[in-house]
Each structure stands twice: as C-alpha cells, then as structure tokens.
Number of protein chains: 2
Amino acid sequence: MAQKPSIPKGTRDFSPAEMVRRNYIFDTIKDVFQLYGFMPIETPAMENLDTLLGKYGEEGDKLLFKILNSGDFLAKADKSLLAAGDSNRVTGQISEKGLRYDLTVPFARFVVQHQNEITFPFKRFQIQPVWRADRPQKGRYREFFQCDVDVVGSDSLLNEVELIQIVDEVFRRLNIRVVIKLNNRKVLAGIAEIIGESDRMVDITVAIDKLEKIGLEKVNAELRERGLSAEAIEKLQPILALSGNNAEKLSALAGILASSEVGSKGVEELNKVLDLVNGLDLPTDVEVDLTLARGLNYYTGAIFEVKALDVEIGSITGGGRYDDLTGIFGMKGVSGVGISFGADRIFDVMNQMDLYPDDVTAATQLLFVNFGEKEAAHCLRLAAGLRQKGIRTEIYPDAAKMKKQMSYADKKGIRFVAMVGEDEMTKGLITLKNMQTGEQSAFGLDEVADVVGR
Amino acid sequence: MAQKPSIPKGTRDFSPAEMVRRNYIFDTIKDVFQLYGFMPIETPAMENLDTLLGKYGEEGDKLLFKILNSGDFLAKADKSLLAAGDSNRVTGQISEKGLRYDLTVPFARFVVQHQNEITFPFKRFQIQPVWRADRPQKGRYREFFQCDVDVVGSDSLLNEVELIQIVDEVFRRLNIRVVIKLNNRKVLAGIAEIIGESDRMVDITVAIDKLEKIGLEKVNAELRERGLSAEAIEKLQPILALSGNNAEKLSALAGILASSEVGSKGVEELNKVLDLVNGLDLPTDVEVDLTLARGLNYYTGAIFEVKALDVEIGSITGGGRYDDLTGIFGMKGVSGVGISFGADRIFDVMNQMDLYPDDVTAATQLLFVNFGEKEAAHCLRLAAGLRQKGIRTEIYPDAAKMKKQMSYADKKGIRFVAMVGEDEMTKGLITLKNMQTGEQSAFGLDEVADVVGR
C-alpha cells in the first residue's frame, strides 16, 4: 500500500509563493550586510558533537539532533549500558555528529580553524537553517533560519554603531517599524555591585523588567522574596525611579554608579554609542532599556533587542558584544559583537501586515498558448527571442483546451498571454492578451517585449 | 584543555571568496530557471525515514544519515536485538528521521502531499544540500548541493526541448563549453527486444559504452561473457556499426528497430526533440548517444547527460523523463522530466579554468581610514551617504597604524581607500586613493560615489 506522505513535525515545506517572499527578505538583509562590508560564509549542517556539546547548557545538549553513526554502530556501544537502557550514556557511543543548533558556535569554530586565512577584524554574515529538537508550537519550528552578522577581532564601539545602522536600514527597507533597545551588561554589573549583590545581577534585572507591569511595590516584594537584603533594595530605589529620555537616564545613572568602575564604564559605552548614533539622524528610535537581560552569561558589553511596533511578536532581532567567543576552542582574547535577525518571525510580521511590494514575484510574465505542433514550434523560437530580452516566458507544453491553458495562466499569476495561430504566423505577429484588463491586440516581437517588460 | 576544532570528514566550510563564486553559479542557474517559468521550492533537511527508505536501493539505505530519536530512545528498542548487536534492525527502532539523500524523492513527496494546492503542469526548481554517508574522496562530499529542475504533469516533448535550452543557456552564461548527450530508454528497450534479450538492456548498453575504448571484437567477447547468445550478438552488429551525425544514426536506427513498437516510438521521440532543437539554432551541440545508461531503472523516455569539453570531469549535469515519480506515494500517472545540475562539479570546472568574470565580487568598494574618534564620527556620516548611493563602504573600526589599515584594505581586495583628516574635514573633502594605481586626489562626496561606483 502506498504511504501517505508527511514531513517531520516542526518542519516545513516552502511553496513557490512562500519562497519568493522569503527570498525577498533574505536578499534585503544580505544587500544591507554587504553594503557595510560584511561577507558571507557557510558551514556544514553537521558538526562534530565535540564542537556542539556543552555549549548550550544541559537543556541545549538534549535539544541537539544527533546523527546515528553509519554501519555497525552498536559494535562500539557498551553492552551493559545498552542492557541497562541508559540512552544518555549510549548516545556518545553511537553518535559522533549533530546538526548545528545555532550559527554562533559553528562561527567560533570557523574562526579558530581558519584563523590563519582570515583578515581581522573579520566581518562575516551567515544565513543558514539550524535545528532544535524543541517541542514544536505556533511560530516555533524544529528547522528554522538564522541570519547572523558579526565583527570579531575589534573592540571598537564603532561596530556597535554599525550594527544599529544595519538594523535601521534592514527594517526601513522591509517597511517594518521597530524600536531598537539598548543595554550594557557592565551597567547591570555596576548596579549589582553598588547595591552589594554582585552575584544577583539576573534576579535584579528580571525584577526591574516587571516594573511597568506590576508596579514598584510588587517589584520590591519580589526582590525580598528572591532574598535581596532590605539595604540592597533601598539602594536600588533610585534606579527603579529612573525616567526620562536616554540622556536623562544616563546622566542619572552616571551619578548613581559613580563609585562602581565597571558601572561607570558601562554608562560611558552607552553614551559613546548613543552620541555617534545621534549624529547619524536615524529614523529608527534607539532606547536605553535596563531590563534587557538576554545572554547575560556570554554578553560582556552592549546588548541589543529589536521590537516590531505594530505587531505583538516579541523580539525579532537581537545580539550583543562578547569578549570570548573563541575561547572555548582555544583562541583567547578575540572580542566581537553581533546580531541575529529572526527570519521566521520577520516572515510572520511581513505576512501578517502584508508588507511585500507588488513587484515581489518571480512569476512568468508571458505564456504562449499552445495551439498544436506547428504553432508550438514557431512559438518556441518567439519565446527564445523574448527570453533573450529578459522576459520570463513559458509555452504551455500541451495543446490542451483553451480554458485549461487560460486557467493555468490565471493560477500562476501570469499577466500576459500570447496567442499565435495560423494567421499570426503568416503575418509575423503576436496577439497579446492582458489578463488583468482583458485587452487584446496584435504586436511585433519587439513591441511585445516592451509591453510585457513595462 | 581546549578542543582542536575540526569538521566531519566529507564536509566543507565555505570562505567569503568561495561563497561569492558559488553564489555566482547558483544565481546564474536560478535566473535561467526563472526565465523559463520555473519557480523555487524548498523542503526540510530531515524527512521521515518512511519517505526515504527503499527508494535508493539497499546501498542507498545504508548511505542515509539517520537522526537518533530524542530523549530515551533505547526504551523503544528491542532488548534482544540490542544484546545481539543487530545494528541493522535496531536502526528503525531508535531512528525515525533521516537527512535527504537527493532532491527527487522529497520533490515526489511534496507533489503528492500538496497536490491540491499545485497548478499542473508544475514547473519547479530546488537548490539545496543533500547528504550521503559515502566514503569521502576527491570531488565527492558527504554534504553537497543539487540544483534540480523538473516539470511534472505533462508528457509533452516540448519539456525536453526546454530543458535542453536551459542547459545551453546556463553553460553559455557560465562560459563552460559543453556537449549535450541525448538518449532514449525506449530505443534501448527496442534494441534489447529485437535481438531477443529484453531483460539484458543494461548489459547491452554497458557493452556498447566500451566500443570506443576497447574496440568491436572485445565488446563482442564481453557480450558473450555476459551470456548473450551468438544470434543476439549477430543481430546487434548493425547497431554497433552505427555512425554519422544524429540524422544518419536515427535513420539507420529507424530501419533496424522497425519491427519493435517501443523502439520505433523511441526513435520518433528523439527525432521530434532534435527537430525542435535544430529549429532553435542553439550554439551547444546536442548528440544522440546510445551509450547513456543513467537511471535505467526509473527513466522511461529521454535520458540527458552534459559533458564539459575542456575539462576531464565526467558528467556535470544529467536527467531524464520518468513516468511514475509519485507512484511510490500513491499518486499514479504523473509523468515528468527533469535535470540536475552538479553544482560542486561546475564549481570545480569554473575554478580550474578560472571562468569567473572580473566583477564577481561582493567586496567592499571603499574603506575609510580611521584617524581617531573625531574623524571617525565624521566619516560615519560620510559613509552613510555613500551607502545610500549603493557604494559598499566600511570604516576601519580602530585608529590602528596606517600600515595595518592599508594592509586590511589590500587583503580584502578593497579598491579605494578614503582618508579624511583635520584638513579634509574643514574643507568638506575626501582624499581618495586608488589601491591599484596608487593615484591619490581629493573629491567631494558626490564625486567620490561616481569614481568608486564606476
């Protein structure tokens, strides 16, 4: 019996219409990356498990898709572990490779492995799928695309500025209104330091994050619950009370964090980045936001997050500065900063708001109706001529009923249909029908190219 | 201790320089596909093993990369098979998914799964990596790209003609001289039929294939060894003696195969395709070649193979007509024809012969030297203006020594370097250095865009 075909849950097929829209997004992002001097790389879908394991925490290790060794894989497995059903410990004995989980670890591996061929500062982008054995749900897939852009080998804040410019440019081109939120891990460290709770940075940030939603009193209650001392909470009050625009917030923060070296450095970095950005008059708002707490275990300076203003969808782009990306692979002291565009969420926003320009299509522009062998042979040559002029042209392959051929043009969104019968062949003409207006007239080949290509 | 990073054998990283060249090839192929009305689709890297197993023969099943089930995968495995170390039978109990092995089976699955959304004839192309656990060797990888183009739902020979046009156009654009070899399975079936050895089609084809290399006598000896009767070999002699151009060969074949219905049909198909192709005056030679024996277990009509004329590399593109692609998934009677471009071999040919046009680069066009904070802030604005004019522009992120910055421009192949110091800032000028000629002069912003963009 024939199988009923399906695909693994959490994965997707992309139809022609979806591909064209996705390519529009990817091409826009790529164009902007290249405008700023970033160059593409690609890494293999499979990495050695050595490379991947231990980089994403215990939970991440579990979510890696592992490739079963080829051949007699059980020969290398420990009999007693097999008998005990110890899946966890057997895994490493029957699997040596896994699918990449993100683009960051493969990039770090790439930089270390090719360090002698790379010109630093290395500005690269990478747009490839990644795989995670997460529980699939709306908007979360097991195969999805990441678009990463990073500079490594430079700790200049100009790089942060450039990434903000790139975010502004990409979303402006895509017509998505966004706000860029900016934080700095050093500021968070400074806050924790001055209130005497250096090891509670995350707790504090999470609590601040709830300020708008639950109000000051409940935040203070939560901080108490999380075990912060009354004194620490007292010292935190001026920070919770921060308000105003970026300059006002930063000036207040500078005062509060004056006694913390790391905190002052953080404020200084934020000030510098914002000064340079302000000089560029970007249309996109850049907002200091002390509640950004992404990646606190690896980011060391700037933290970015981008939110769409017109759709409730969470962060659609994010990133930050890291000082030791390549350390795990033995190459110390390489500072870098990067951001990742969430292609699938951007795709969702674009679809929801129908933001695609009208000319986002790779559809055929002209279909020759097939009236029979002789006519088709003639149209083959006409079509070749039109393609030479860059017109995307098809000939319906069979001499099917007119209605069927017209319906094909209609369903494929083909705007013009060409009819060349006995009469047109003798006169060297092409009868052209505009499928939108219904208009119909006869033209010579060159004119057809003009009308269709318009 | 830090790990020494590496990637799985048979896989590759692609550097920026390689990516740009590969993208040039892929973009060329895509453009031509779209010019003929083919539209892109993509399918997931992982397919259910049900979909993949049994489609590529026993050897193929072994070469599939299988994904280990997540979680406690041993729970579903048979204890006694585990204890017996029966890797083969355990595989299906601990793995449900595999990486795609080619694009053909996923395409068949796609067509069946989405048959109600698809407009037939369905013209699709697909450019994605595939994975095979083959022994890696020079030019053979475990991860490689296929570029497939197919029409399904039409048995018109116009489709064969169109594929030949596409091959001609792609290789003309890529500047690779090729010959297109054409065969037809029905002709091979006819030959086997008239010599009374219908079930020996492959043996016969393989023997004919050696004619040029080992000569007539040795071919006859081999046919005897393969168990063909003396009578059959006698009857085969006129076919082995075929010579001349396509028309001469086909006219002789028509006589020889007159008594075979299938053989005559094959000759008729070849004649029709060649007539139409001849009417198009393609610059690429199309040659009837009875020794093409690829895919004899699934091709039912035309068989194509494309060989580069100036490099010894075997086939760089191939395909054929199949009458039952989707039958394995329960959808009968869907005829199709397609070809697959061997992207990796084409990449090798292009590299070997250095066939890339000079402007195949996505490199930065202009680098601003960084003289310090004040100058860099000024250059940020100049760079933004140039990018608005489409100039790929960078600012060196650190105020490093001039020599280091120049060497960066040099290594990245950046053609122009802009120097803006105190003096230029006051005068509103940019001093531009052409890195190839060494020429140096001062310009206004608009002029710079003209000079660099030229």
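The values are calculated or read from the model by the stated rules, or taken from the named source; none is laboratory data. In this text the structure is predicted, and so the values were computed from the model without any measurement. Neighbour counts are summed over all protein chains in view; Cβ atoms, including those assigned to glycine, are modelled from backbone coordinates with ideal geometry. Ligands, DNA and RNA are excluded from the accessible area calculation, which covers all protein heavy atoms including side chains. Shrake-Rupley method; radii C 1.70, N 1.55, O 1.52, S 1.80 Å.
How high is the relative contact order of the stretch B:280-327, in percent, counting Cα pairs under 8 Å that sit 6 or more residues apart? Kindly include the intermediate steps, with their values, before the conclusion.
Working: 45 pairs, mean separation 15.0, N = 48.
For the stretch B:280-327, the relative contact order is 31 percent.
Under unit Cβ charges (Lys, Arg +1; Asp, Glu -1), what dipole magnitude, rounded to 20 debye, does the stretch B:366-453 have relative to its Cα centre?
It comes to approximately 380 debye.
If you take the C-alpha gyration tensor of the stretch B:392-441, multiply each eigenvalue by 5 and take the square root, what semi-axes do you get, largest first, in whole Å?
Calculated on Cα positions only, the semi-axes equal 18, 14, 10 Å.
Given H placed on each backbone N at 1.01 Å, which residues far from B:Arg12 in sequence or on other chains put an amide H within less than 5 Å of it?
Those qualifying (amide H under 5 Å, at least 5 residues apart or on another chain) number zero.
Which values, in whole Å and largest first, are the semi-axes of the equivalent ellipsoid of chain A obtained as the square root of 5 times each eigenvalue of the Cα gyration tensor?
Gyration-tensor ellipsoid for chain A: 53, 31, 21 Å.
Which of the trypsin sites (Lys or Arg not before Pro) across the stretch B:306-355 are loop residues per DSSP, with 15 or fewer other Cβ within 10 Å?
Counting only loop positions with at most 15 other Cβ atoms within 10 Å, the trypsin sites (Lys or Arg not before Pro) in the stretch B:306-355 are B:Lys332.
Show me, for the stretch B:39-55, the HN-Hα J-couplings you get by feeding each phi into the Karplus relation (A = 6.51, B = -1.76, C = 1.60, θ = phi - 60°), rounded to Hz, glycine and proline as x.
10, x, 9, 9, 10, x, 4, 9, 10, 4, 4, 3, 5, 8, 5, x, 9
Report B:Asp155's accessible area, 1.4 Å probe, all protein chains in place, as a number in Å² to the nearest 10.
100
With bins 10 Å wide starting at 0, give me the P(r) of the stretch A:265-305 over every alpha carbon pair, in whole percents.
Answer for the stretch A:265-305: a P(r) of 25, 54, 21, 1 percent.
Label the stretch A:162-231 by shape, choosing from rounded, prolate and oblate, from the square roots a ≥ b ≥ c of the eigenvalues of the Cα gyration tensor; if a/c is under 1.5 it is rounded, and otherwise prolate applies when a/b is larger than b/c, oblate when it is not. Walk me through the numbers before you get to the answer.
On the way: a/c = 4.90, a/b = 2.07, b/c = 2.37.
Oblate, since a/c reaches 1.5 and b/c is not below a/b.
Could you pull out every residue, at least 5 positions away or on a different chain, whose amide H is within less than 5 Å of the one on A:Glu287? Hs are placed 1.01 Å off N in the peptide plane, and Pro or chain starts have none.
It is A:Ile180, A:Lys181, A:Leu182, by chain and number.
Return the loop-located trypsin sites (Lys or Arg not before Pro) in the stretch B:127-211 (DSSP other than H, G, I, E, B) with at most 11 other Cβ atoms within 10 Å of their own Cβ; answer none if there are none.
When the trypsin sites (Lys or Arg not before Pro) of the stretch B:127-211 are filtered for loop state and at most 11 Cβ neighbours within 10 Å, B:Lys138 remain.
How large is the convex hull of the C-alpha atoms of the stretch A:97-163 per residue, in Å³?
Working: hull volume 7.2 nm³, N = 67.
Dividing the Cα hull volume of the stretch A:97-163 by its residue count gives 107 Å³.
Give B:Lys138/B:Lys181; A:Lys389/B:Lys411; A:Lys186/B:Lys404; B:Lys97/B:Lys411 a once-over and call out the pairs whose C-alpha atoms are over 32 Å from each other.
Beyond 32 Å: A:Lys389/B:Lys411; B:Lys97/B:Lys411.
Regarding the stretch A:230-291, what is the average projected area of its C-alpha convex hull, in nm²? Please list the in-between numbers first.
Numbers: hull surface 18.6 nm².
Convex hull of Cα atoms, orientation-averaged projection: 4.6 nm².
I'd like the distance between the alpha-carbon centres of the stretch B:217-269 and the stretch B:191-210, rounded to an integer number of Å.
8
With N denoting the number of residues in the protein assembly as shown, provide Rg(C-alpha) divided by 2.2 N^0.38 Å, to two decimal places.
Normalised Rg, Cα atoms only: 1.09.
In peptide A:60-70, what is the residue-averaged number of other protein chain Cβ atoms found within 10 Å of each Cβ?
The mean count of partner-chain Cβ atoms within 10 Å per residue comes to 5.
Would you please calculate the Kirkwood hydrodynamic radius of the stretch A:224-363 over all C-alpha pairs and express it in Å, rounded to one decimal? Show your work: numbers first, answer last.
Numbers: mean 1/r = 0.0546 Å⁻¹.
This gives a value of 18.3 Å.
Report the one residue of B:Leu188, B:Gly139, B:Ser154 whose Cα lies farthest in the direction of the positive end of the charge dipole of the stretch B:123-227 (charges on C-beta: Lys and Arg +1, Asp and Glu -1; origin at the Cα centre).
B:Gly139
Given the options A:Leu445, A:Phe368, A:Leu429, identify the residue whose Cα lies farthest towards the positive end of the charge dipole of the stretch A:366-453 (+1 on Cβ of Lys, Arg; -1 on Cβ of Asp, Glu).
A:Phe368
Report Rg (one decimal) and Dmax (nearest whole number) for the stretch B:8-146, counting Cα atoms only, units Å.
Cα only, the stretch B:8-146: 18.3, 58 Å (Rg, Dmax).
Could you check how many percent of all C-alpha pairs in the stretch A:71-229 are farther apart than 28 Å?
56
About the Cα centre of chain B, how large is the charge dipole given +1 on each Lys and Arg Cβ and -1 on each Asp and Glu Cβ? Please answer in debye to the nearest 20.
Dipole about the Cα centre, nearest 20: 1440 debye.
If you take the accessible area of A alone plus B alone and subtract the pair, what total do you get in square angstrom, rounded to 100, with a 1.4 Å probe?
Using a 1.4 Å probe, the pair buries roughly 8700 Å².
Can you give the three extents of the C-alpha atoms in the stretch B:44-119 along their principal axes, from longest to shortest, in whole Å?
Extents along the principal axes: 51, 27, 16 Å.
Using amide H atoms built 1.01 Å from N in the peptide plane, name the residues 5+ places from A:Cys147, or on other chains, whose amide H lies under 5 Å from its own.
Excluding prolines and chain starts, which carry no amide H, the hits are A:Phe341, A:Ala343.
Dipole size in debye (nearest 20) for the stretch B:1-77 around its Cα centre, Lys and Arg Cβ +1, Asp and Glu Cβ -1?
For the stretch B:1-77, the charge dipole is close to 320 debye.
Keeping all protein chains in position, work out how much accessible area A:Glu169 exposes to a 1.4 Å probe, and write it in Å² to the nearest 10.
About 40 Å², ignoring ligands and nucleic acids.
Of the options A:Ser340, A:Leu325, A:Leu355, report the single residue whose Cα projects farthest towards the positive end of the charge dipole of the stretch A:289-374 (beta-carbon charges: Lys, Arg +1; Asp, Glu -1).
A:Leu325
For the stretch A:356-454, max minus min Cα coordinate along each principal axis, in Å, sorted largest first?
Here the Cα extents, ordered largest to smallest, are 42, 28, 23 Å.
Using a 1.4 angstrom probe and counting only protein chains, how large is the accessible area of B:Glu193 in Å², to 10?
Using a 1.4 Å probe on the heavy atoms, I get roughly 80 Å².
Rounded to the nearest whole Å³, what is the per residue volume of the convex hull around the Cα atoms of the stretch B:183-279?
Numbers: hull volume 8.6 nm³, N = 97.
So the per-residue Cα hull volume is 89 Å³.
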